[in-house]
Amino acid sequence: MAYASDKTAETVQITTVARKKSWADLDLSLVPHGITKDIMPLKDDRAIKNAVRNLILTNFYERPFQHNKGANLRGLLFEPADYVTKIELKDGIKEVLAFHEPRIGLIDVKVQDQAETNSYKIIVHFMIKEIKADETVSVTLKRLR
C-alpha cells in the first residue's frame, strides 16, 4: 500500500561564504613580543612578503634537500655591473618566484645599479592572488669587500 504525502518538499537555500586563507610565517629577525616575550609570527600579507624576500635572498645549496631553491644572486655580485648582469639578476628572481611562490602574480622586477656603494637595489612588485592586493618588496644586495 502506498500512502500519498500531503507534505511538499521545501527548498532550502544554501549560501557559501568565502573566507580568506590565513598564512603565517616565522619572523627571522626573532624579535620577541614586548609583554609576553614570545616570538610573534608574521601573518597574511606580511608572511607572503617575508617569503618573497627569503626566496630572493636564498642561494643554491643553502636549504637541505632543496638544492635548487633560491635565486642565487650572491654569485652575481662580483660580476661586472653591466646590462647583462642586471638581466641575469631579473631572470633569477622571476624564475624562483614563478616556481616556488604560487600565492603571488609577479608584475615587475626592477634592478638598479648603485655603483657608488657596490650594490644593487632590487624592487619586486607583485600581486597577492587571493586578496588581489599589490605589494612591493625592496632588497639591497651589497658586496662586503
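Return the residue satisfying two criteria in turn: it lies in region 127-145 and is of a type in the set (Lys, Arg) and under 25 Å from Asp45 (Cβ atoms), and of such residues it is most open to solvent (accessible area, probe 1.4 Å).
Taking region 127-145 and keeping what is of a type in the set (Lys, Arg), we get 129, 132, 142-143, 145.
When the remaining residues are screened for being under 25 Å from Asp45 (Cβ atoms), the result is 129, 132.
On the way: Lys129: 103, Lys132: 151 Å².
The extreme case among them is Lys132.
Return the residue satisfying two criteria in turn: it lies in region 20-49 and is in contact (Cβ under 8 Å) with a residue 60 or more places away in the chain and hydrophobic (A, V, I, L, M, F, W, C), and of such residues it is surrounded by the most Cβ atoms within 10 Å (Cβ to Cβ).
Filtering first and then ranking leaves Ile48.
Among the numbered criteria (1) modelled with pLDDT of 85 or more; (2) touching a His at 6+ places or on another chain (Cβ under 7 Å); (3) not acidic (Asp, Glu), which one does Tyr61 miss?
The number of the failed condition is (1).
Hey, among the residues in region 71-126 that are outside any strand (DSSP E or B) and among the polar types (S, T, N, Q), which one's most open to solvent (accessible area, probe 1.4 Å)?
Start the filter on region 71-126 by keeping residues that are outside any strand (DSSP E or B), which leaves 71-103, 115-118.
Now narrow it down to the ones that are among the polar types (S, T, N, Q): 72, 85, 117-118.
Details: Asn72: 56, Thr85: 8, Thr117: 58, Asn118: 78 Å².
Across region 71-126, the extreme among qualifying residues is Asn118.
Are any of the residues in region 50-60 more than 25 Å from Glu130 (Cβ to Cβ), surrounded by 10 or more Cβ atoms within 10 Å (Cβ to Cβ), without any contact (Cβ under 8 Å) to a residue 40 or more places away in the chain and in contact with a helix residue (DSSP H, G or I) (Cβ under 8 Å, 6 or more places away or on another chain)? Steps first, please.
Residues of region 50-60 more than 25 Å from Glu130 (Cβ to Cβ): 59-60.
Now drop any that are not surrounded by 10 or more Cβ atoms within 10 Å (Cβ to Cβ), which leaves 59-60.
Among the residues that remain, those that are also without any contact (Cβ under 8 Å) to a residue 40 or more places away in the chain are: 59-60.
So of that shortlist, the ones also in contact with a helix residue (DSSP H, G or I) (Cβ under 8 Å, 6 or more places away or on another chain) come out as 59.
Looking through region 50-60, at least one residue is more than 25 Å from Glu130 (Cβ to Cβ), surrounded by 10 or more Cβ atoms within 10 Å (Cβ to Cβ), without any contact (Cβ under 8 Å) to a residue 40 or more places away in the chain and in contact with a helix residue (DSSP H, G or I) (Cβ under 8 Å, 6 or more places away or on another chain).
The values are calculated or read from the model by the stated rules, or taken from the named source; none is laboratory data. Remember, predicted model here, so these are calculated numbers, not experimental data. Every residue, glycine as well, gets a Cβ built from its backbone with ideal geometry; the counts of neighbours run over all protein chains shown. Side chains included, ligands, DNA and RNA excluded: accessible areas come from the protein's heavy atoms. Shrake-Rupley method; radii C 1.70, N 1.55, O 1.52, S 1.80 Å.
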